[in-house]
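Here's the structure, in structure tokens; my notes come after.
The values are calculated or read from the model by the stated rules, or taken from the named source; none is laboratory data. Here the structure is a predicted model, which means the values were calculated and not measured. Cβ coordinates were reconstructed from backbone atoms using ideal geometry, including for glycine residues, and neighbour counts include every protein chain displayed.
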Amino acid sequence: MTGKEPSTTLCSNTSHQRGGRYLIWKKLIDRFARTVLGCAASVSIFTMVAIVIVLGTETYSFFQLEEVSVSDFFLGTEWSPLLGAQKHFGIWPLICGTLLVTLVASLISIPLGVISAIFLAEYAPPIVRNFFKPMLEILAGVPTVVYGFFALTVITPALQSIWSGIDFYNALSAGLAVGIMCIPIVCSISEDTIRSVPNSLREGAYALGGTKLDTSLKVVFPSALSGIVSACLLSIARAIGETMIVALAAGNLAQLTLNPGAQVQTMTAYMVQIFLGDTDAIGVEYKSSYAVAATLFVMTLSLTLIGAIVTKRYKEVYN
Amino acid sequence: MSRLPRRSYKKKRMYNYLFATFCVIVTSLSVAALFTLIITIGIQGWHHLDIDLLQSYASRFPEKAGVKAAVWGTIWLCGICVFTAIPIGVATALYLEEFAKKNKITSAIDINISNLAGVPSIVYGIIGLTVFARMFGLFGTINDPLVEIGNPMTFFYFRLPFGSSLLVGGLTLALVVLPIIIVSSREAVRAVPSSLREASLALGASRWETVQKVVLPKAIPGILTGSILSVSRAIGEAAPILVIGGFLFIRFTPENVFDDFTAMPLQIFNWASRPQEEFHAVAASGIIVLLCVLLVFNSIAVLLRYRFQGKS
């Protein structure tokens, strides 16, 4: 600002005043910017508050309805809000369906993701890594509705040709697709933590005569375990909340079963069914979707929190 | 004495090779899954893929069905999402990295963001429906709004509550991707060396001037990469739009942000969930269009990152 002025005027009275005003102005702008950015940061807080309030009040008003009782909701084993004269609201069939799909998905995503991560971080030469990494990134970027279509038109017919007793809509097919979707999540976070294990540990293991296998499985893997566990928890949370795949491939029949070849309804699929239908905004079915959403929210939130605690408490800190 | 260790060493080496091979096979499985996905969808969808698909609206007849309304809906949604989520996300990242004091409120925001990232997108859809579309029922119902200004057929139109409109869809998607944008922008801002900040502060610049003229220009490529990737995630999201009530049979392109709309992933879901095989072919060709759009977005992000890494 003052660079163009002759240096003699720097100490003159007018310039001094201008400098002072300029400083105040600068301070004001700084204060203003800080406030605006702070307001933007509070958006995330408001979002969380809105989620809790909306789900809380709507779930509360759902439990106030006379068709519903809290004990039935948490202990009942029948979920039939749309059919029959007597409506039943027992959440367990939906939770069971969700957990069945999540179990199948985790059996795919966790072993495949973790082993791929060990391979990419420890074994793969740069050329191989540069081939696999973008592939996994593409896999992570595929929209879930595409996986759902894949499950419906490719995985299900393939399963049907192997296992004749399987339903057309089934938990296994949806679970496999969700599992494939979750591989990149497990893999990328696990790989990051494995890479952050310092080389001195590896060198120590090699110096003691360990092979690459000993080093990666007995030294590096345990050191990175906290990160890997939280990656797995994150992928489980994603699998629980996954919507489009299960809405397309898992079916719409809420039943309490452990048979992966049977049709199930997950919590998310139920919400899709309600919001696709023409139920009015005051009906008991409509309100029930908020209660289901609240259950889903509590489940995923607790998984995320456990993941954060695991990372924080068991993280190995290296200097 | 000397034979035993050697044999065990041989065995160990064999195990090592076996494990390495096993790893290659396992990692290849996911790539194989990706190729199977792309090839099977390509086979199902290629013969329906022509210029008519992009120029016609949804239809009861599979041979006439097209994605025009869905493509326009997605473009509008994408625009709204860009103009809301990216400024808020970047501002949050700058506040947390550059301005916030290390106190309990800051760490609460921090934990909160990682929790928000774990919330399923369908829950955001429900929030969007209740807060934006219905506005808690304070201003009448969706079909009978209390406040209406302008003509719904022109660009100048405003209503309360927002209803199942493009604006609500865009805002809801913005909520979905906001945590991702914040996290990636924070990483980009953190990557700016603190020596640059210190130099700027030492020259008498205020915090904001430092952020505006030193940190932001340096972090922009990283911020852009993360933002493009999150917007491409928003393009692929179907669940929140389904919940707030994107329509399935739209035979017009949107005029204003309060228009009814449909989006690519929702249209694909609709076709895929029908029992007729012919609609599956249409769904597959729609997926090819969607994947091409995403590929363009991702390539831009990868190029940006490549240039960024090349410079520094």
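Numbers at a glance
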item	result
Residue within region A:158-171 that is in a helix (DSSP H, G or I) and crowded, with 24+ Cβ neighbours inside 10 Å present	yes
So A:G38, is it without any contact (Cβ under 8 Å) to a residue 24 or more places away in the chain, surrounded by 13 or more Cβ atoms within 10 Å (Cβ to Cβ) and in the same structural domain as A:I274 (by TED's automatic domain parsing)	no
Residue pairs meeting the criteria (Cβ under 8 Å; at least 6 apart or on separate chains; first over 26 Å from A:A237 (Cα atoms), in region B:117-146; second at pLDDT below 85 and charged (D, E, K, R))	B:T141/B:R134; B:I142/B:R134; B:P145/B:R159
Of all residues in region B:35-65 being surrounded by 18 or more Cβ atoms within 10 Å (Cβ to Cβ) and under 23 Å from the mean Cα position of the chain (by Cα), the one that is farthest from B:R274 (Cα to Cα)	B:L37
Matching residues, region A:171-195, being in contact with a Phe, Trp or Tyr (Cβ under 9 Å, 6 or more places away or on another chain) and either free of Cβ contacts under 8 Å to residues at least 60 places away in the same chain or away from every other protein chain (no Cβ under 14 Å) (or both)	A:L172
Yes/no for A:I138 being under 18 Å from B:C23 (Cα atoms) and assigned to a helix (DSSP H, G or I)	no
Condition met for A:L296 (within 20 Å of B:Y124 (Cβ to Cβ) and either part of a helix (DSSP H, G or I) or in contact with a helix residue (DSSP H, G or I) (Cβ under 7 Å, 6 or more places away or on another chain) (or both))	yes
Counted residues, region B:111-151 - those being outside any helix (DSSP H, G or I) and touching a helix residue (DSSP H, G or I) at 6+ places or on another chain (Cβ under 7 Å)	3
Test: residue in region A:132-151 that is over 21 Å from the mean Cα position of the chain (by Cα) and more than 9 Å from chain B (Cβ to nearest Cβ)	no
Residue within region A:196-208 that is small (G, A, S) and either within 20 Å of the chain's Cα centre (by Cα) or within 25 Å of B:T36 (Cα to Cα) (or both) present	no
Conditions (1) touching a Gly at 6+ places or on another chain (Cβ under 7 Å); (2) more than 22 Å from B:A117 (Cα to Cα); number of the one not met by A:I274	(1)
Answer from B:V231, B:V211 - the residue that is crowded, with 23+ Cβ neighbours inside 10 Å, more than 30 Å from A:I51 (Cα to Cα), assigned by TED's automatic domain parsing to the domain that holds B:N270 and at pLDDT 90 or above	B:V211
Criterion: crowded, with 21+ Cβ neighbours inside 10 Å, assigned by TED's automatic domain parsing to the domain that holds B:T262, farther than 30 Å from B:L94 by Cα and in contact with a Ser or Thr (Cβ under 9 Å, 6 or more places away or on another chain) - qualifying residue of B:R186, B:R134, B:R159	B:R134
Residues (in contact (Cβ under 8 Å) with a residue 60 or more places away in the chain and either of a type in the set (A, V, I, L, M) or under 24 Å from B:V147 (Cα atoms) (or both)) located in region B:269-282	B:A281, B:V282
Breaking point among (1) in a helix (DSSP H, G or I); (2) loosely packed, with under 13 Cβ neighbours inside 10 Å; (3) free of Cβ contacts under 8 Å to residues at least 24 places away in the same chain, for B:V31	(2)
Condition check for A:I138: in contact (Cβ under 8 Å) with a residue 24 or more places away in the chain and surrounded by fewer than 22 Cβ atoms within 10 Å (Cβ to Cβ)	no
Residue match in region B:130-140 (condition: farther than 20 Å from B:A263 by Cβ, within 11 Å of chain A (Cβ to nearest Cβ) and more than 25 Å from the chain's Cα centre (by Cα))	yes
Meets criteria (under 27 Å from B:L294 (Cα atoms), of a type outside the set (D, E) and either surrounded by 23 or more Cβ atoms within 10 Å (Cβ to Cβ) or not assigned by TED's automatic domain parsing to the domain that holds A:A247 (or both)) for A:I155	yes
Unique match (being crowded, with 18+ Cβ neighbours inside 10 Å and either more than 10 Å from chain B (Cβ to nearest Cβ) or free of Cβ contacts under 8 Å to residues at least 60 places away in the same chain (or both)) among A:G261, A:G210, A:G283	A:G210
Any hit, region A:61-77, residues being β-branched (V, I, T), touching a residue at least 60 places away in the same chain (Cβ under 8 Å), in a helix (DSSP H, G or I) and more than 30 Å from A:P198 (Cβ to Cβ)	no
Residue match in region B:292-312 (condition: touching a residue at least 12 places away in the same chain (Cβ under 8 Å), more than 30 Å from B:M135 (Cβ to Cβ) and not in a helix (DSSP H, G or I))	no
Residue check, B:I25 within 14 Å of chain A (Cβ to nearest Cβ), surrounded by fewer than 18 Cβ atoms within 10 Å (Cβ to Cβ), without any contact (Cβ under 8 Å) to a residue 60 or more places away in the chain and among the β-branched types (V, I, T)	yes
Condition broken by B:S206, with the remaining ones in (1) within 11 Å of chain A (Cβ to nearest Cβ); (2) under 30 Å from B:R274 (Cβ atoms) satisfied	(2)
Boolean, B:L201 is in a helix (DSSP H, G or I) and within 11 Å of chain A (Cβ to nearest Cβ)	no
Filter result (polar (S, T, N, Q) and outside any loop (DSSP other than H, G, I, E, B)) within region B:238-284	B:Q267, B:N270
